Structure formats: C-alpha cells, structure tokens
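Visitor: Below you'll find the structure I mean.
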Amino acid sequence: MDLRPVHPSRARTDSGRTRGRSPATRLAQAFACALFATFAVASLYAPGVAQTAAEAKAKSDPSAKGKVDGAKPEVSLEGSWSGGGEVAFAATGSRERARCRAHYQRRSKDSYAMQATCATASGKAAQTATVHRVGENRYRGNFHNAEYDISGTIFVVVSGNSQSVRLTSTSGSALFRLNR
C-alpha cells in the first residue's frame, strides 16, 4: 500500500480515488499509526520509574506517608488538552506537523481513558487509549485507531499544565506537546 502523504498543492485528476481509497484516507491511516507509534517509543525510556530511598520508606511506612522531601504532587490527566507536534511515517520516512485535541477521563486511581483527534495538512485521525501510571506524573498504555485498525503504545509525561506525548507503532511515530 502506498502511504506517501498527499501534497496539498498537487492536483487530483482521478476524483481523489486511488485503488479504492482516496490519498487523504490512506494518509490519515498512516498518520494515525505514526501518531501513536511515537507515543509508544517514549514508553521504552520511562524515566522516573525508580524511586528514592525516601519514597520507598514513605511507601513502606504509613506514618511517613506524605512526608517525602522533594516529591512533586501528582498531576491529574483528567480533562481536555490541545497542542501540536510532528508525525513521522515509517513507510516513506516523511514528517508532517500536526495539531491534536485529547480528552482524558479517570477510570481508576492510576488509569485514564483517552480520546484524541489529530490533523495534518493531509488528513485527520481519531484514536482511543488507556494509560496507566508507571511513575511520578508518567503514564504508559496502548492506543487504537478503529477506523484503520492500527494499534501501538502511548507514553505521557505530565508537568503542570503541560504534557509531552509520544506514540509508536509499526506504521510510524509521533511526538506532541499538549496544554490544558
């Protein structure tokens, strides 16, 4: 399948259809894969999973709970976030700027469901994910794009009202900075 992005300045003489799917549809499929593939790559390098001696003591000693010096308060992912970044397509090696909107809903103490829509000049893709806390203000999980049946890994690092999101799949990768 040809997953090369359609350049907006190229005229289409075939009514926008190629082999049963429009170039924009194929691009959206590749975009979705790449977007969430990038998020997954970051999960392989999840810093902050280790804990300090003070954090370990706080976990094992109930009386020390909340007394860890230098510990950052946990920031909730819940709510709406938006921003931009870049998508890299594995099939072509090309990259595109993208804008995204994501909404997180708490599922349990340490997990959230996410719904996101991202768009480039060439197309738009919607994804869902479930992320679980893996460290201080760090989350990892799996995403899925039902329209194109593409799945991969997502990694989120929250810092105040900002978060970096990396997705990876076999179709590509993406990296975004989102804000509340």
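Visitor: Check Gly152, Gly141 and return the single one that is at pLDDT 95 or above, under 19 Å from Arg107 (Cβ atoms) and out of contact with any Gly (no Cβ under 6 Å at 6 or more places or on another chain).
Guide: Gly141
Visitor: Given the criteria touching a helix residue (DSSP H, G or I) at 6+ places or on another chain (Cβ under 8 Å), buried (at least 19 other Cβ atoms within 10 Å of the Cβ) and either at pLDDT 95 or above or acidic (Asp, Glu) (or both), does Val131 qualify?
Guide: Against the criterion (touching a helix residue (DSSP H, G or I) at 6+ places or on another chain (Cβ under 8 Å), buried (at least 19 other Cβ atoms within 10 Å of the Cβ) and either at pLDDT 95 or above or acidic (Asp, Glu) (or both)), Val131 does not qualify.
Visitor: Looking at (1) surrounded by fewer than 18 Cβ atoms within 10 Å (Cβ to Cβ); (2) touching a strand residue (DSSP E or B) at 6+ places or on another chain (Cβ under 7 Å); (3) hydroxyl-bearing (Ser, Thr, Tyr), which one does Ser169 not meet, given that it meets all the others?
Guide: (1)
Visitor: Here is a follow-up. Just to be sure I understand the filter: pairs with C-beta atoms under 7 Å, separated by 6 or more residues or on different chains, first member in region 63-85 and closer than 14 Å to Gly135 by Cα, second member modelled with pLDDT of 50 or more and of a type in the set (Gly, Ala, Ser). Which pairs pass?
Guide: If the second residue must be modelled with pLDDT of 50 or more and of a type in the set (Gly, Ala, Ser), the pairs left are Val75/Gly160.
Visitor: Pick out the one residue from Asp110, Asp149 that is closer than 21 Å to Glu78 by Cβ, without any contact (Cβ under 8 Å) to a residue 24 or more places away in the chain and exposed (fewer than 15 other Cβ atoms within 10 Å of the Cβ).
Guide: Just one listed residue meets the conditions, Asp110.
The values are calculated or read from the model by the stated rules, or taken from the named source; none is laboratory data. Note that this is a predicted model, so its numbers are computed, not measured. We place every Cβ from the backbone using ideal geometry, glycine too, and count neighbours over all the protein chains shown.
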